[in-house]
Every structure is written in C-alpha cells, then in structure tokens.
1. Could you put 271, 219 in order, starting from the residue whose Cβ has the fewest other Cβ atoms within 10 Å?
2. In region 120-190, what is the volume of the convex hull around the alpha carbon atoms, normalised per residue and reported in Å³?
3. Report, for region 42-188, the % of DSSP beta bridges that are antiparallel, rounded to 5.
4. Mean residue ellipticity at 222 nm from the helices of the chain, using -39,500 (n - 2.57) per DSSP H segment of n ≥ 4 over the full residue count, to the nearest 500 deg cm²/dmol?
5. Give me the distance in nm between label points sitting 7 Å out from Cα along the Cα-to-Cβ direction at residue 175 and residue 77, one decimal.
6. So how tilted is helix 14-27 from the main axis of the chain? Cα-based, degrees 0 to 90, rounded to 10.
7. If r is the Cβ-Cβ distance from residue 34 to residue 233 and R0 is 41 Å, what FRET efficiency results, to the nearest 0.05?
8. Select from 211, 226, 253 the residue whose mean-square fluctuation is largest in a Gaussian network model of the chain (Cα-Cα springs shorter than 10 Å).
C-alpha cells in the first residue's frame, strides 16, 4: 500500500509530489523540496521507502551470478542453476524460438491496454515452456538486497540472420511462487548500437542485455531466478529472424538458439548487491 502512487509512504500521492516540486522550482515557494533527499527508493521484499544521496548507490557491490547446468535448462523443470562460482566444462543449452508462437508477456512494465497485465505476476505457468531457459539459485541463507541497474552478459549462437534474446529476473518464494522483478531484451543486429549488423548466424557472440533497474530484498529461503528466451510478446515485438521488421515483412522463420555457459563463455547476470550496514 505504501508503494502506491496514490499514497506514497502513506503521506502524499504522486500528483501532490509533482506539484510540490514544480511550485518550488517554478514559483519559488518554500514547499520543503530542497530538504528532501535527492533519491527515494522503495525496497521490495521488506517493503520500505529509503532515502539515498546518489544513484547508483556508492556502496553497490556488482556481483556476478553465473548460468550453470548440464544442457537441460529448458523450463522450470530443467537442470538450470544460478551460482556465484564460474562454470568450467558444461554443456550449452538449446531451444527453438518460433515467432509464430512467442513467449507471452506475463506482467512487467507493460504499456498496452488490458486487465491485470502489468506488475508482478507468478511466472510458473509460462516457465513450463521448452523455449524458456530457467536458472535458479539455491535457497538463500541470508537476506540479499539488490538495488540498481542489472545487466546480463550472454554468450549465444543462432542459426538465423537476426534474432532476439530476452532476460528476466525473478524472486522465487519458499512456496514456489515466482514473481518477476524486471526484464530486458537485445536485438542481435543492434547489439553494438544503432547501426544494424546482420548475418549473425553460426557465430558465438557476447550479448549484453539491459535488464533495467529494481530494488528488492531476496529474503532468507527465497531463490534468485533468471529466465532466458527470445521473446516476450506483446511487451516487445516479435523478431521474424529474417533481418526484417514486422513493418516490412510477414515472413517468419524459426531460430535455433544455443546459450553457452562454460569457462570460455561464462554467461552471467550482474546484480547490484547492497551490503548490510
């Protein structure tokens, strides 16, 4: 309730906060804005607001967690693991991305109309799909705060001219419910910027996926989970795997994807861990 824009920290709504800010800077009124901390963060898990002096937080410890497994990470029933130690000799994971049957969006920061489509949603149903790779940590013995920008470094190969890779960060409760925190996507041809680079097929490439920012405490007994796939529709448009967009073509082809996690290609997520004070 205290995180709602209608009653921020049980004090004021978002519109009132905006008006107070504009009245100070545009009208010169003493609204108290100058005395506020420059950053306010709502920390999920413990469900508390906290004032900070900078962003990203200066005390952040950027910590990698590595994708692990024996080549069978498909779905939440697979062998995918998330671990702080680097992999050595492990088999890659594979899945087929079919743009005619994309992974459906299930919550998140959606911007399209619908009922109960945004925010946190239990991901277990869609994690039964074979075109989603699921990597889960061991249950945590101590609380772990993650606050800041999150990135995934993914070494992958495709047999398509172009394709997408997606990542999603999830908090798994002891009862198995798996709630999404944040997600992101990278289009292969734009992996190095705004100038397209096609014909990526059959080459192992490191992709950096911007998973955006969050603030969450993974409580004791909870698990950290990462999903890797190639679609999240309609939050993101489908990649036809041909190098053309849906505006210019309706031809679709399947893409066979290979995700590497070994000593040479240590795919991982970087979490902005906040140490205990």
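1. Values: 271 29, 219 15.
Fewest-to-most ranking of 271, 219: 219, 271.
2. Values: hull volume 9.0 nm³, N = 71.
Convex hull volume per residue, Cα atoms: 127 Å³.
3. Close to 95 percent.
4. Numbers: 1 runs with 14 residues, N = 277.
Theoretical 222 nm ellipticity from helices: -1500 deg cm²/dmol.
5. Placing both labels 7 Å along Cα→Cβ, they lie 2.3 nm apart.
6. 60 degrees
7. Efficiency for this residue pair is about 0.35.
8. Answer for the Gaussian network model of the chain: 253.
Each value in this text was obtained by applying a stated rule to the coordinates, not by laboratory testing. Please read all numbers here as calculations on a predicted model, not as lab measurements. Counting neighbours? That spans all protein chains shown, and the Cβs are built from the backbone with ideal geometry, glycine included.
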